[in-house]
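Working notes, beginning with the structure itself.
The values are calculated or read from the model by the stated rules, or taken from the named source; none is laboratory data. Since the model is a prediction, treat every value here as computed from it, not as a measurement. Here the Cβ positions follow ideal geometry from the backbone for every residue, glycine too, while neighbour counts run over all protein chains shown.
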Amino acid sequence: MRRKIIAGNWKMNLRFDEAKALASAIRDGESAYRHEVILCPSFPYLTSLAQVLAGSKISLGAQNCADRENGAFTGEVSASMLASVGIPYVIIGHSERRIYYHESHAVLKDKINIALANGLKPIFCCGETKEVRLSEQQANYVERQLEESLFHLSEDDILRVIIAYEPVWAIGTGLTATPEQAQEMHHFIRTRIAARYGRAIADQIIIQYGGSMKPDNAAELLSQPDVDGGLIGGASLKADDFKAIIAAV
């Protein structure tokens, strides 16, 4: 049986004192967590929050990494830097990176390769925009994202990748995919993985849902057979809401 993972993407939010307080509050509920929990704060907080979470089962992830190993790239953070301070996970290809920073399939492919080469576990985001959904082209759109950034990987490497399906039209808009819509796309992603790598591999891949999951819809979304957790945005910034989502798994 696949494990479920609940990850909190804090994005560019919280002062340092707020981030420490939130991490501590989430840790305080750890004894009730039955599945893996990941917190993804801003870069400056990672090592300090590692101390807050030391001895717990809660993991840390970065929100991004560079598509280069090192060099004269002011403002970038490399996968090797993250690995050197013990960060196990990194989000790659979030829709906000694709939209605001114009990250292409090729760039994301390079980021995936570098993350894996440095021992990180990527959380690879994919999903369609509102225009694509309205034109009923979401399957083709997501399939291209998978093919151009992930499907060059070996079987061993693809098993180290977590996929997060995030319908872009449901992020920060107040909209959420219905459980049926979420399941349909998660199942589609798993069938495409099966076509490329075989059913045994596909059945092991964790596919999270990343589109405005909240305490009041988490249980129904997480009950879908191909939904293996959540990549949580706004609701991860409130300890009670985030813990309620974890409890819904």
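At-a-glance table
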| item | result |
| --- | --- |
| Pair list, Cβ < 9 Å and 6+ apart or interchain, from region 1-21 residues that are within 17 Å of GLY229 (Cα to Cα) to residues that are of a type in the set (Ser, Thr, Tyr) and modelled with pLDDT under 95 | ILE6/TYR33 |
| Boolean, ILE205 is touching a Leu at 6+ places or on another chain (Cβ under 9 Å), in a helix (DSSP H, G or I) and not aromatic (Phe, Trp, Tyr) | no |
| One residue from ILE123, ILE99 being in contact (Cβ under 8 Å) with a residue 60 or more places away in the chain, among the aliphatic types (A, V, I, L, M), surrounded by fewer than 16 Cβ atoms within 10 Å (Cβ to Cβ) and closer than 24 Å to ALA177 by Cα | ILE99 |
| Residue match in region 130-149 (condition: assigned to a loop (DSSP other than H, G, I, E, B), surrounded by fewer than 13 Cβ atoms within 10 Å (Cβ to Cβ) and of a type in the set (D, E, K, R)) | yes |
| Count of region 135-170 residues which are touching a residue at least 60 places away in the same chain (Cβ under 8 Å) and within 21 Å of LYS4 (Cα to Cα) | 3 |
| Considering residues of region 50-77 that are of a type outside the set (Val, Ile, Thr) and over 29 Å from VAL107 (Cα atoms) only, the residue surrounded by the most Cβ atoms within 10 Å (Cβ to Cβ) | LEU53 |
| Positions within region 84-114 being under 18 Å from ASP156 (Cβ atoms) and either basic (Lys, Arg) or over 14 Å from the mean Cα position of the chain (by Cα) (or both), in sequence order | LYS109, ASN113, ILE114 |
| Cβ-Cβ under 6 Å pairs, at least 6 apart or on other chains, region 218-229 side over 8 Å from HIS186 (Cβ atoms) and of a type in the set (Gly, Ala, Ser), far side at pLDDT 95 or above and in a loop (DSSP other than H, G, I, E, B) | GLY229/LYS4 |
| Candidate set from region 1-48 (those that are assigned to a helix (DSSP H, G or I) and hydroxyl-bearing (Ser, Thr, Tyr)); member that is farthest from GLY172 (Cα to Cα) | SER31 |
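Here's the yes/no breakdown for (1) in contact with a Ser or Thr (Cβ under 8 Å, 6 or more places away or on another chain); (2) outside any helix (DSSP H, G or I):
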{"residue": "ALA50", "(1), (2)": "no, no"}
{"residue": "ALA54", "(1), (2)": "no, yes"}
{"residue": "ASP67", "(1), (2)": "no, yes"}
{"residue": "ASN70", "(1), (2)": "yes, yes"}
{"residue": "THR74", "(1), (2)": "no, yes"}
{"residue": "MET81", "(1), (2)": "no, no"}
{"residue": "ILE87", "(1), (2)": "no, yes"}
{"residue": "GLU96", "(1), (2)": "no, no"}
{"residue": "GLU103", "(1), (2)": "no, yes"}
